[in-house]
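Here is the structure we will look at, set down as structure tokens.
The values are calculated or read from the model by the stated rules, or taken from the named source; none is laboratory data. None of the values given here were measured: they were computed from a predicted structure. Using ideal geometry, Cβ is built from the backbone for each residue, glycine included, and neighbour counts are taken over all protein chains shown. With ligands, DNA and RNA removed, areas are computed over all heavy atoms of the protein, side chains included. Shrake-Rupley method; radii C 1.70, N 1.55, O 1.52, S 1.80 Å.
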Amino acid sequence: MRVVVQEEPFDLAAETARFAEGEGGSGAIVTFTGVVRNLDDAPLEAMEIEHYPGMTEKALREIAVQAVARFDLQDVLVIHRYGRLIPGAQIMMVATAARHRRSAFDAADFLMDYLKSRAPFWKREITAKGESWVAAKDEDEAALERW
Amino acid sequence: MDVLYFAWVRERIGLPREKVESDASTVAELVAELRGREERYEVAFSDLSALRVAVDQELTDFDASLQGAREVAFFPPMTGG
């Protein structure tokens, strides 16, 4: 299990390859990557991500440990960035390794639902019109009830 | 104890962290003390349903005890992922 919180970009291909190599035939690997999305109304200049150093790492580890236990994962990787990101930049990734694909997919889905609402990150959108904090969506909180 | 603020809570209060001497026994009591200090606190804490709290880096609720707490953080609902 590896949990990383960093400002600098990560190399998705290299991280995925490294994760797969460490896996020695678990059967199924799923990766998900979150990317900064452009806005519909005004072009996004940047997204700034604030976090709570210390709690962030702890919360991500707790979520990863839960995913391992719940979906019987062979391994899990979570990388999440903070700081100033431009549209198209990778924000975060998760990778899950399991004996079977359903567990790997479900675990990745579970990780994403929990990362959205239970990991202490806050996003701020910066456009030519101004800056605003991204509000949490009710549907993101509701998504946790699936699990 | 250390009191930390993040995102718009930090902006409204105007600082990221401060030392607070308090006898508050719960988070709610601490909030009441802070609200009584100055208007910027009153504004930041005016709608508790829009806030989340962590005590010693664990998410909790406003009824939580502050017994032995070293660090309390206030912030809006999280937007990770």
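Considering only region A:95-104, I want to know if a residue exists there that is on the phi > 0 side of the Ramachandran plot and not β-branched (Val, Ile, Thr). I'd like the intermediate steps shown before the answer.
First, the residues of region A:95-104 that are on the phi > 0 side of the Ramachandran plot: none.
The answer is no, given that none of the residues of region A:95-104 is on the phi > 0 side of the Ramachandran plot and not β-branched (Val, Ile, Thr).
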Quiz item: Give me the pairs: first residue in region A:120-145 and touching a residue at least 60 places away in the same chain (Cβ under 8 Å) and away from every other protein chain (no Cβ under 11 Å), second residue of a type in the set (Asp, Glu) and surrounded by fewer than 18 Cβ atoms within 10 Å (Cβ to Cβ), beta-carbon distance under 9 Å, and six or more apart or on different chains, which are they?
Solution: A:Ile126/A:Glu45; A:Ile126/A:Glu48; A:Thr127/A:Asp41; A:Thr127/A:Glu45; A:Ala128/A:Glu45; A:Lys129/A:Asp41
Quiz item: Tally time: how many residues in region A:114-130 are open to solvent by 40 Å² or more (accessible area, probe 1.4 Å), outside any loop (DSSP other than H, G, I, E, B) and basic (Lys, Arg)?
Solution: 2
Quiz prompt | All strands (runs of 3 or more DSSP E) inside region A:1-99 with 2 or more residues being out of contact with any Lys or Arg (no Cβ under 7 Å at 6 or more places or on another chain) and over 21 Å from A:Ala135 (Cβ atoms) | solution = A:2-6, A:28-35, A:75-81, A:90-98
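Find the residue count for region B:32-65, including only residues that are closer than 30 Å to A:Leu111 by Cα and either of a type outside the set (S, T, N, Q) or in contact with a helix residue (DSSP H, G or I) (Cβ under 6 Å, 6 or more places away or on another chain) (or both).
Taking region B:32-65 as the starting set, the residues that turn out to be closer than 30 Å to A:Leu111 by Cα are B:47-65.
Right, trim to either of a type outside the set (S, T, N, Q) or in contact with a helix residue (DSSP H, G or I) (Cβ under 6 Å, 6 or more places away or on another chain) (or both) and you get B:47-48, B:50-59, B:61-64.
Residues in region B:32-65 being closer than 30 Å to A:Leu111 by Cα and either of a type outside the set (S, T, N, Q) or in contact with a helix residue (DSSP H, G or I) (Cβ under 6 Å, 6 or more places away or on another chain) (or both): 16 in total.
With open to solvent by 20 Å² or more (accessible area, probe 1.4 Å) and more than 25 Å from A:Ala14 (Cα to Cα) as the only criterion, which of A:Asp138, A:Asp109 stands out? Walk me through it before giving the result.
Values: A:Asp109 fails: more than 25 Å from A:Ala14 (Cα to Cα).
Within the list A:Asp138, A:Asp109, the selection yields A:Asp138.
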Self-check item: Which numbered condition A:Met92 fails, given (1) more than 11 Å from chain B (Cβ to nearest Cβ); (2) touching a residue at least 24 places away in the same chain (Cβ under 8 Å)
Solution: (1)
Quiz item: Out of curiosity, is A:Ala64 in contact with a Ser or Thr (Cβ under 8 Å, 6 or more places away or on another chain) and open to solvent by less than 30 Å² (accessible area, probe 1.4 Å)?
Solution: no
Self-check item: Pick from region A:19-61, criterion in contact with an Asp or Glu (Cβ under 9 Å, 6 or more places away or on another chain) and open to solvent by 80 Å² or more (accessible area, probe 1.4 Å), ranking: farthest from A:Ala95 (Cα to Cα)
Solution: A:Glu45
Self-check item: Residue list for region A:79-106, filter: open to solvent by 40 Å² or more (accessible area, probe 1.4 Å), under 12 Å from the mean Cα position of the chain (by Cα) and under 14 Å from A:Phe32 (Cα atoms)
Solution: A:Gln90
Quiz item: Which of the residues belonging to region B:41-77 are open to solvent by 10 Å² or more (accessible area, probe 1.4 Å), within 14 Å of chain A (Cβ to nearest Cβ) and of a type in the set (A, V, I, L, M, F, W, C)?
Solution: B:Ala50, B:Val55, B:Leu59, B:Ala69
